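Trainee: First the structure, which I've put down as structure tokens, then a few questions once you've had a look.
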Amino acid sequence: MLRTFTSSVARRATAATGGSARCMSGKEWIPNVSMDTEVVHGGVNPDEKTGAILTPVYLSTTFVQESVDKYLDKGFSYSRTANPTVQMLEEKVARIENGHGAICVGTGMSATASCINGFMNAGDHCVMTNCSYGGTNRIAREQFMNLGMEFSFVDFTDPQNVADAIKPNTKLIFSESPTNPTLKIADLSAISEIAKDRGIVHVCDSTFATPYIMRPLDHVCDLTIQS
């Protein structure tokens, strides 16, 4: 199972993408579809040559470029950075999360580590839930602390605990709701407001809820992680 984290490609993802589903070509195809339709058809780009409705599995490692001047004109060079099949999945995930973009990676901890690596440096501080998935807690304590990052593990069921734990060097708030496996709930809207007031990125792992039940971006989180 791929783990995904969804956000604005640049940094923020706080607004919905609108009521019409779009395929990879950017064309509107069905307005105001249900989530069930988005899950099946969102991001799918029917082949213009054959009419095939499903995106095939592209196994290519590299992609032919017409010339140096037209390098990446088609959007693909090396599958590790971009692949048509993965791009379709990312667009589908972004739509069902009400996000602007998504990145799919191979493991759950790759997504978690990428969020921390992307927004923190040595000397930075993160406020993290004290009731997270075990791998999240361990990678923070055993890997990132050794690299000079700071973490405060607090009870996220009370947003005031989050506010009280923020330091001048806090760069990331890492919530999880519902938590794995105790199912504790965080007030994501209140925590997002705290983060916004202080210019801090708020990421939420909402794997246990799935987008069917709860979409953190609708609660003004900056990023969401799903497994």
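The values are calculated or read from the model by the stated rules, or taken from the named source; none is laboratory data. Remember, predicted model here, so these are calculated numbers, not experimental data. Positions of Cβ are generated from backbone atoms using ideal geometry, with glycine treated the same way; all protein chains shown enter the neighbour counts. Surface accessibility is based on the protein's heavy atoms, side chains included, excluding ligands, DNA and RNA. Shrake-Rupley method; radii C 1.70, N 1.55, O 1.52, S 1.80 Å.
Trainee: Could you please state how large a percent of the accessible area of the chain is carbon and sulfur, counting protein chains only and using a 1.4 Å probe?
Mentor: Working: 6290 of 11680 Å².
Roughly 54 percent of what the probe reaches on the chain is carbon or sulfur.
Trainee: Give me the 1.4 Å probe accessible area per residue for the chain, excluding ligands and nucleic acids, in Å². Intermediate results must be reported in sequence, preceding the final value.
Mentor: Values: 11680 Å² over 227 residues.
Here the residues of the chain average 51 Å² of exposed surface.
Trainee: Only loop residues by DSSP count here, and only those with at most 11 other Cβ atoms within 10 Å; note down the trypsin sites (Lys or Arg not before Pro) in the stretch 72-126 that meet that.
Mentor: Hits after loop and neighbour filter: Arg80.
Trainee: Here's another thing I want to ask about it. Distance between the C-alpha centers of the stretch 114-136 and the stretch 69-94? Whole Å please.
Mentor: If we compute the Cα centre of each part, the gap is 28 Å.
Trainee: Among all lysine pairs in the stretch 92-227 that are eight or more places apart or on different chains, how many have alpha carbons less than 25 angstrom apart?
Mentor: For the stretch 92-227, the number of qualifying lysine pairs is 5.
Trainee: Given H placed on each backbone N at 1.01 Å, which residues far from Thr170 in sequence or on other chains put an amide H within less than 5 Å of it?
Mentor: Here His125 satisfy the definition.
Trainee: May I ask for the longest run of the chain untouched by GluC sites (Glu not before Pro) that are loop-located per DSSP and have at most 16 neighbouring C-beta atoms (other than their own) within 10 Å? Walk me through the numbers before you get to the answer.
Mentor: Values: sites that count: Glu48, Glu66.
Counting at most 16 other Cβ atoms within 10 Å as exposed, the longest clean stretch of the chain is 67-227.
Trainee: At 25 °C and 0.890 mPa s, what whole-number value in µm²/s does Stokes-Einstein give for the translational diffusion of the stretch 44-156, with Rh from the Kirkwood sum over Cα pairs?
Mentor: D, rounded to a whole number, is 142 µm²/s.
Trainee: Give me a comma-separated list of calculated 3J(HN,Hα) values for the stretch 40-47, in order, Karplus coefficients 6.51, -1.76, 1.60 applied at θ = phi - 60°, integers in Hz, x for any Gly or Pro.
Mentor: Along the stretch 40-47, the couplings run 7, 10, x, x, 6, 10, x, 5 Hz.
Trainee: Pick from Gln160, Gln87, Gln65: which residue has the top mean-square fluctuation in a GNM of the chain where Cα pairs under 10 Å get a spring?
Mentor: Gln65
Trainee: Equivalent-ellipsoid semi-axes (√(5λ), Cα gyration tensor) for the chain, whole Å, largest first?
Mentor: 34, 21, 15
Trainee: Do you know the relative contact order of the stretch 117-227, to the nearest whole percent, from alpha carbon pairs under 8 angstrom that are 6+ apart?
Mentor: 25 percent
Trainee: Enumerate the amide H contacts of His202 below 5 Å, restricted to partners 5 or more residues apart or on another chain; note that Pro and chain-start residues carry no placed amide H.
Mentor: So His202 has HN proximity to Ile173, Asp222, Leu223.
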